[in-house]
Amino acid sequence: MSMRQPVFILSDDAERTQGRDAQENNINAAKAVGEAVRTTLGPKGMDKMLVDSLGDVVITNDGVTILKEMDIEHPAAKMVVEVAKTQEDEVGDGTTTAVVIAGELLKQAQDLLDQDVHPTIVASGYRLAAKKCQEVLKDEIAQEVNIEDEETLRKVSETAMTGKGAESARDTLSELTVKAIKSIADKVKDGYEVDTDYIKVEKKVGGRVEDSELIDGLIIDKEKVHPGMPSSVKEAKIALISTPIEVEETEVDAEIQITSPDQLQNFLDEEEGMLKKKVQKIKESGANVVICQKGIDDMAQHYLAKEGILAVRRAKKSDMEKLARATGANVISNLNEIEDSDLGSAGNVREKKVSGDDMLFVTECENPKSVSVLVRGGTEHVVDEVERAFQDALRVVAVAIEDGKVVAGGSAPEVDLALKLRDYAASVGGREQLAVESFANALELISRTLAENAGLDPIDTLVDLRSMHESGDMAAGLDVFSGEVIDIWDAGVVEPLRVKTQAVDSAAEAAVMILRIDDVISGSGSEEEAGGAPGGAGGPGGAPGGMPGGMGGMM
Ligand code: ADP
Ligand code: MG
């Protein structure tokens, strides 16, 4: 028999946590993320004031915004933050909901682990439950909606905005939301495609939120390049030019030797002639408005002004694309090939002062496939939060139209899912049954939190909700304003189906992933080894030990 030597596979300074310790640590971190945003859930949720290292202040109750600003380092906590980001990317709303559910799934799992249920059993029970939720949501809970149903769409928008800074002007903004979305929605084979990127949201501090307006075209934060140009052009023919209107630089480094004043004059005349010709080309195409993505030479500006053409320069590329869609123009990259058919049209292009700054309004576009919304508000913080709420609203309405499905809010779907999961649990049997039941409990945290944040008794509310649902009232939800459990459709609280399907799915996925980890090894964190790998769990701050300081302060 040979002597066994211990084998070391990790370097001395690598940190390692294993088994229950690793699980506890990860679960606690993930739970902490859920706890951090829980108080902001629902219309009566509180806001957070986030101050970054430069002293910049963000006031918000938007889950993903809070988590992005929080600079979270714990690797498991980061996985929960990912849930919020996925939710934001896929749906644009429901980020707090997703994170709260993820945190609670892990908290419930902890109880099961304490009762010696193996983590893989919990994980597979959670998977079954999540799958069941998708079925119930899609087949039993969701209701149809179509693009002509403006009333429902406005409710979807209002629900997403309630409780945010935009609340006071909810009606105005919801009307803008639905109009904007309807004008850019593309009809495709079996439904609609809605790309909210084609709605440009321009913020301007000043005025009231109610003064926000929809522009059937584009607003560009630029002014005309020459005072001699007209400030307003009716029946505009617009040339979108992506190259500079300047003297072309030679490809090779040329040096021109000038020995007499005459030669200099000739040279300048030549240059002037070139610019004049470019402007002539534009003029001949019939354009009376030029939007240039690059620079416009002073001399060219002069000639454009003389021709009565309104021009702006250094427009953003994204604006060029939107302008093309709004006015029907083609972006021109070679001035010699400019043609009448490349030009876009707009009934009115004018320069207008908004709170002291000149902006260009390209409006009265015939069938604008891209529109703008000018968001106003008393202070920068207000405008920023209104914009965030408005972006959420745009996304949820877009998603509702794309999927053609909505659900009631006020935690009606969550209570219904919980009820059906408990029925389903019995058919699952075994220890997994316990996990399915835990999943149901986790979903009910949404009801309890909505109640708590509204200053109501969470237990009483939940009992009311359960009994209504048990008696078959699937639309019973908590109206946080009256504090009553009522038919929540009637209260006008409506959300797109995808908010819920996505939240349940990504919360479950993250929880399962975290549960399956029983060994956390973090590298020694030396610079060379890290090799610039982004977001690595290594490094001194990434050790799976304590919570980062910033997080503790948030709760
Ligand atoms: P999230 O980031 O998850 O969207 P919110 O703070 O926007 O978080 O809160 C969303 C929750 O608030 C949803 O469950 C929604 O149904 C609920 N809600 C919205 N308006 C009302 C209302 N008037 N009464 C009750 N619940 C509401
Ligand atoms: Mg929301």
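From Gly409, Gly404, grab the single residue that is buried (at least 24 other Cβ atoms within 10 Å of the Cβ) and not polar (S, T, N, Q).
Values: Gly404 fails: buried (at least 24 other Cβ atoms within 10 Å of the Cβ).
On inspection, the qualifying residue turns out to be Gly409.
Of the residues that sit in the range 3-50 and are surrounded by 11 or more Cβ atoms within 10 Å (Cβ to Cβ) and β-branched (Val, Ile, Thr), which one is modelled with the lowest pLDDT?
Checking each candidate, the answer is Thr17.
Taking only the range 401-417 into account, find how many residues are in a helix (DSSP H, G or I) and over 17 Å from Ala475 (Cβ atoms). Walk me through it before giving the result.
Within the range 401-417, the first condition is being in a helix (DSSP H, G or I), and the residues that meet it are 401-403, 412-417.
Narrowing further to those that are over 17 Å from Ala475 (Cβ atoms): 401-403.
Total satisfying the criteria: 3.
What are the pairs with Cβ atoms under 9 angstrom where one residue, in the range 81-109, is of a type in the set (Lys, Arg) and the other, located anywhere, is more than 12 Å from ligand 1 (Cβ to nearest atom) and assigned to a helix (DSSP H, G or I)? Sequence gap at least six, or different chains.
What qualifies is Lys85/Lys68; Lys107/Ile27; Lys107/Ala30; Lys107/Lys31; Lys107/Ala442.
Part of a helix (DSSP H, G or I), out of contact with any Pro (no Cβ under 7 Å at 6 or more places or on another chain) and open to solvent by less than 10 Å² (accessible area, probe 1.4 Å): does that describe Asp423?
Values: part of a helix (DSSP H, G or I): yes; out of contact with any Pro (no Cβ under 7 Å at 6 or more places or on another chain): yes; open to solvent by less than 10 Å² (accessible area, probe 1.4 Å): no.
Here the answer is no, as Asp423 does not meet what is asked.
Taking the conditions exactly as written (in contact with a Leu (Cβ under 9 Å, 6 or more places away or on another chain), charged (D, E, K, R) and more than 16 Å from ligand 2 (Cβ to nearest atom)), does Arg20 satisfy them or not?
Values: in contact with a Leu (Cβ under 9 Å, 6 or more places away or on another chain): yes; charged (D, E, K, R): yes; more than 16 Å from ligand 2 (Cβ to nearest atom): yes.
Taking the combined requirement at face value, the residue satisfies it.
Does Asn348 qualify as being open to solvent by 50 Å² or more (accessible area, probe 1.4 Å) and more than 29 Å from the chain's Cα centre (by Cα)? Spell out the reasoning first.
Numbers: open to solvent by 50 Å² or more (accessible area, probe 1.4 Å): no; more than 29 Å from the chain's Cα centre (by Cα): yes.
For Asn348, the condition - open to solvent by 50 Å² or more (accessible area, probe 1.4 Å) and more than 29 Å from the chain's Cα centre (by Cα) - is not met.
Tell me which residues, restricted to the range 11-67, are free of Cβ contacts under 8 Å to residues at least 12 places away in the same chain, hydrophobic (A, V, I, L, M, F, W, C) and not in a loop (DSSP other than H, G, I, E, B).
Hits for the range 11-67 are Met49, Val51.
Given the structure, is Gly328 touching a residue at least 60 places away in the same chain (Cβ under 8 Å), out of contact with any helix residue (DSSP H, G or I) (no Cβ under 6 Å at 6 or more places or on another chain) and open to solvent by 10 Å² or more (accessible area, probe 1.4 Å)?
Values: touching a residue at least 60 places away in the same chain (Cβ under 8 Å): no; out of contact with any helix residue (DSSP H, G or I) (no Cβ under 6 Å at 6 or more places or on another chain): yes; open to solvent by 10 Å² or more (accessible area, probe 1.4 Å): yes.
Here the answer is no, as Gly328 does not meet what is asked.
Confirm whether Thr60 is of a type in the set (S, T, N, Q) and surrounded by fewer than 21 Cβ atoms within 10 Å (Cβ to Cβ). Outline the logic, then answer.
Working: of a type in the set (S, T, N, Q): yes; surrounded by fewer than 21 Cβ atoms within 10 Å (Cβ to Cβ): no.
No.
Considering only residues that are more than 16 Å from ligand 1 (Cβ to nearest atom) and of a type outside the set (A, V, I, L, M, F, W, C), look in the range 96-118 and name the one that is surrounded by the most Cβ atoms within 10 Å (Cβ to Cβ).
At the first step, the residues of the range 96-118 found to be more than 16 Å from ligand 1 (Cβ to nearest atom) are 106-118.
Next, only the ones that are of a type outside the set (A, V, I, L, M, F, W, C) stay: 107-108, 110-111, 114-116, 118.
On the way: Lys107: 20, Gln108: 22, Gln110: 17, Asp111: 13, Asp114: 9, Gln115: 8, Asp116: 7, His118: 12.
For the range 96-118, the residue satisfying everything is Gln108.
Somewhere in the range 189-207, is a residue assigned to a loop (DSSP other than H, G, I, E, B) and either in the same structural domain as Asn330 (by TED's automatic domain parsing) or over 26 Å from Glu366 (Cβ atoms) (or both)? Before the answer, list the steps.
Initial filter on the range 189-207 (assigned to a loop (DSSP other than H, G, I, E, B)): 189-190, 194-195, 207.
Subset that is either in the same structural domain as Asn330 (by TED's automatic domain parsing) or over 26 Å from Glu366 (Cβ atoms) (or both): 190, 207.
The answer is yes; a qualifying residue exists.
Can you tell me which of Ala311, Ala324 is within 32 Å of the chain's Cα centre (by Cα) and under 21 Å from Val362 (Cβ atoms)? Give the steps one after another, and end with the answer.
Values: Ala311 fails: within 32 Å of the chain's Cα centre (by Cα).
Within the list Ala311, Ala324, the selection yields Ala324.
Sort out which residues of the range 451-497 are open to solvent by less than 50 Å² (accessible area, probe 1.4 Å), assigned to a helix (DSSP H, G or I) and either more than 9 Å from ligand 1 (Cβ to nearest atom) or under 23 Å from Leu153 (Cβ atoms) (or both), and write them in order of number.
Selection gives Ala451, Pro458, Thr461, Leu462, Leu465, His469, Leu497.
So which residues in the range 148-167 are more than 15 Å from ligand 1 (Cβ to nearest atom) and either touching a helix residue (DSSP H, G or I) at 6+ places or on another chain (Cβ under 6 Å) or of a type in the set (Ser, Thr, Tyr) (or both)?
First, pick out the residues of the range 148-167 that are more than 15 Å from ligand 1 (Cβ to nearest atom): 148-151, 153.
Hits for the range 148-167 are Glu150, Leu153.
Out of (1) within 16 Å of ligand 1 (Cβ to nearest atom); (2) in a helix (DSSP H, G or I), the odd one out for Thr172 is which?
(1)
Output the number of residues of the range 386-396 satisfying the condition of being open to solvent by less than 40 Å² (accessible area, probe 1.4 Å), within 13 Å of the chain's Cα centre (by Cα) and within 15 Å of ligand 1 (Cβ to nearest atom). It would help to see each step written out before you state the result.
To start, the set of residues in the range 386-396 that are open to solvent by less than 40 Å² (accessible area, probe 1.4 Å) comprises 386-387, 389-390, 392-394, 396.
Going one step further and asking which of them are within 13 Å of the chain's Cα centre (by Cα), we end up with 387, 389-390, 392-394, 396.
Applying the additional criterion that residues be within 15 Å of ligand 1 (Cβ to nearest atom) yields 389-390, 392-394, 396.
Qualifying residue count, the range 386-396: 6.
Of all residues in the range 369-385, which are open to solvent by 10 Å² or more (accessible area, probe 1.4 Å) and not hydroxyl-bearing (Ser, Thr, Tyr)? Walk me through how you get there before you give the answer.
Going through the range 369-385, the residues open to solvent by 10 Å² or more (accessible area, probe 1.4 Å) turn out to be 369, 376, 378-382, 384-385.
Passing the criteria: Lys369, Arg376, Gly378, Glu380, His381, Val382, Asp384, Glu385.
Within the range 155-175, is there a residue that is within 28 Å of Gly347 (Cα to Cα), within 22 Å of the chain's Cα centre (by Cα) and buried (at least 23 other Cβ atoms within 10 Å of the Cβ)? Even if it seems obvious, please write down each step before you answer.
Within the range 155-175, the subset within 28 Å of Gly347 (Cα to Cα) is 172-175.
Checking which are within 22 Å of the chain's Cα centre (by Cα) leaves us with 172-175.
Right, trim to buried (at least 23 other Cβ atoms within 10 Å of the Cβ) and you get 173-174.
Yes: the range 155-175 contains one or more residues that are within 28 Å of Gly347 (Cα to Cα), within 22 Å of the chain's Cα centre (by Cα) and buried (at least 23 other Cβ atoms within 10 Å of the Cβ).
Is it the case that some residue within the range 75-89 is over 22 Å from the mean Cα position of the chain (by Cα) and open to solvent by 10 Å² or more (accessible area, probe 1.4 Å)? Walk me through it before giving the result.
Start the filter on the range 75-89 by keeping residues that are over 22 Å from the mean Cα position of the chain (by Cα), which leaves 75-76.
Cutting the leftovers down to open to solvent by 10 Å² or more (accessible area, probe 1.4 Å) gives us 75.
Checked the range 75-89: at least one residue is over 22 Å from the mean Cα position of the chain (by Cα) and open to solvent by 10 Å² or more (accessible area, probe 1.4 Å).
The values are calculated or read from the model by the stated rules, or taken from the named source; none is laboratory data. Source: prediction; values computed, not measured. Note that each Cβ is placed from the backbone with ideal geometry, even for glycine, and that neighbours are counted across all protein chains shown. When the accessible area is computed, the model is the full protein with side chains, heavy atoms only, and any ligands, DNA or RNA have been set aside. Shrake-Rupley method; radii C 1.70, N 1.55, O 1.52, S 1.80 Å.
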